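Engineer: Take this structure first; my questions come after.
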Amino acid sequence: IYSSLSHGFSAPSVEETLLPEGNINPDLAPETGINLELGIRYRSLNNRLFMDACIYNIWVNNLLVTRRESEEVFYGDNAGKTQHSGFEFSSKVQMISENRKFPISINVNYNLIRAVFTDFVDDGQDYTNHTLPGIPHQNIWTSLDVSSTFGASMSIQYQFVGNQYLNDANSEIYGAYQLLHLKMAYTLNVKSFTMDFTTGVRNIFNEHYAAMVLVNAPSFGGSNPRYYYPGMPRNYFLSLGFSF
């Protein structure tokens, strides 16, 4: 069982300190935060099971956010106070021992987060108690890994990304999506010669999703705001490496 209490700060980057006219913004403050967490970590005596779970709460003051005047011009600003509460869990289960011919393991990573403005007024609009945009409510990453004593291995990976708001007003929302990937590899060792072969498929079911979202996206020239930057469709990869 472990716990921690910490305090830190994050200074704005050079780009964030510059106003659209090119002058430095002397009123831009670094964001500061206090983090409190409590967790439990467990490993079985035979190393077949590992687990780590924790709950946390982060209080942030002067959160740094990005303001855009055009697609190319942006600057940093402080967004009052926020609170980030969440739960994180990770585990690895060795279903078939590594001493066997085909070891099989399952990895699971999960996080749940609730991030809200606790004090934020922008241009006369009060966003207090609104959810921070651009932060998925939950994330899941799991993998099924199969290896062998003769150098072959396979990994099936599943990813789930939950809903997230797109603006401070919480009037636009981007729905959840999920991805599935497959990776296979083979390593051949003959004396001093090694060959590594890897192939696989990303986004097996050709899911349409946004790899990145732009929060509070502005509208220029009468066009709709560009909130989404599309992710890769189904794609394949192949690599071959040699060493002597």
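Engineer: Determine, yes or no, whether Val146 is hydrophobic (A, V, I, L, M, F, W, C) and at pLDDT below 95.
Structural biologist: yes
Engineer: Collect the residues in the range 215-244 that are touching a strand residue (DSSP E or B) at 6+ places or on another chain (Cβ under 7 Å) and either among the basic types (Lys, Arg) or without any contact (Cβ under 8 Å) to a residue 24 or more places away in the chain (or both), keeping them in residue-number order.
Structural biologist: If the condition is that a residue be touching a strand residue (DSSP E or B) at 6+ places or on another chain (Cβ under 7 Å) and either among the basic types (Lys, Arg) or without any contact (Cβ under 8 Å) to a residue 24 or more places away in the chain (or both), then Tyr229, Pro230, Arg234 are the ones that fit.
Engineer: Within the set of pairs 6+ apart or on separate chains, which have a first residue in the range 148-161 that is closer than 8 Å to Leu179 by Cα, a second that is assigned to a loop (DSSP other than H, G, I, E, B), and C-beta atoms under 9 Å apart?
Structural biologist: Close Cβ pairs satisfying both conditions: Phe160/Ala176.
Engineer: Confirm whether Gln83 is open to solvent by less than 70 Å² (accessible area, probe 1.4 Å) and touching a Ser or Thr at 6+ places or on another chain (Cβ under 8 Å).
Structural biologist: So Gln83 fits the description; yes.
Engineer: Taking only pairs six or more apart or across chains, which ones have beta-carbon atoms under 8 Å, a first residue in the range 44-69 that is at positive phi, and a second residue that is among the acidic types (Asp, Glu)?
Structural biologist: Every condition considered, the pairs that remain are Asn62/Glu31.
Engineer: Okay, next question. Got at least one residue in the range 193-203 being buried (at least 17 other Cβ atoms within 10 Å of the Cβ), of a type outside the set (Gly, Ala, Ser) and under 21 Å from the mean Cα position of the chain (by Cα)?
Structural biologist: yes
Engineer: Within the range 220-232, take every residue that is hydroxyl-bearing (Ser, Thr, Tyr) and assigned to a loop (DSSP other than H, G, I, E, B) and give me the one that is least open to solvent (accessible area, probe 1.4 Å).
Structural biologist: Looking at the filtered set, the residue picked out is Tyr227.
Engineer: Right, another one. It is to be established whether one or more residues within the range 90-111 are of a type in the set (Phe, Trp, Tyr), surrounded by fewer than 16 Cβ atoms within 10 Å (Cβ to Cβ), on the phi < 0 side of the Ramachandran plot and more than 17 Å from the chain's Cα centre (by Cα).
Structural biologist: Yes, the conditions are met somewhere in the range 90-111.
Engineer: Oh, and also: Could you check, for the range 171-187, whether at least one of its residues is open to solvent by less than 50 Å² (accessible area, probe 1.4 Å) and aromatic (Phe, Trp, Tyr)?
Structural biologist: Looking for residues that are open to solvent by less than 50 Å² (accessible area, probe 1.4 Å) and aromatic (Phe, Trp, Tyr), one finds at least one in the range 171-187, hence yes.
Let's see how each residue does on (1) modelled with pLDDT of 85 or more; (2) among the β-branched types (Val, Ile, Thr); (3) in contact with a Lys or Arg (Cβ under 7 Å, 6 or more places away or on another chain); (4) exposed (fewer than 15 other Cβ atoms within 10 Å of the Cβ):
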residue	(1), (2), (3), (4)
Tyr2	yes, no, yes, yes
Ser6	yes, no, no, yes
Arg41	yes, no, no, yes
Asp52	yes, no, yes, no
Gly76	no, no, no, no
Ile113	yes, yes, no, no
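Engineer: So which residues in the range 11-39 are in contact (Cβ under 8 Å) with a residue 40 or more places away in the chain, open to solvent by 50 Å² or more (accessible area, probe 1.4 Å) and assigned to a strand (DSSP E or B)?
Structural biologist: Result: Leu18, single match.
Engineer: I would also like to ask the following. Within the range 115-138, can you find the residues that are aliphatic (A, V, I, L, M), open to solvent by less than 40 Å² (accessible area, probe 1.4 Å) and either touching a Pro at 6+ places or on another chain (Cβ under 9 Å) or part of a strand (DSSP E or B) (or both)?
Structural biologist: Ala115, Val116
Engineer: Here is a follow-up. For the range 115-130, enumerate the residues that are touching a His at 6+ places or on another chain (Cβ under 8 Å) and either modelled with pLDDT under 90 or polar (S, T, N, Q) (or both).
Structural biologist: Within the range 115-130, Phe120 is the sole residue that qualifies.
The values are calculated or read from the model by the stated rules, or taken from the named source; none is laboratory data. Source: prediction; values computed, not measured. Ideal geometry is used to build each Cβ from the backbone, glycine not excepted, and the neighbour counts take in all protein chains shown. The area values use the complete protein model at the heavy-atom level, side chains included, leaving out ligands, DNA and RNA. Shrake-Rupley method; radii C 1.70, N 1.55, O 1.52, S 1.80 Å.
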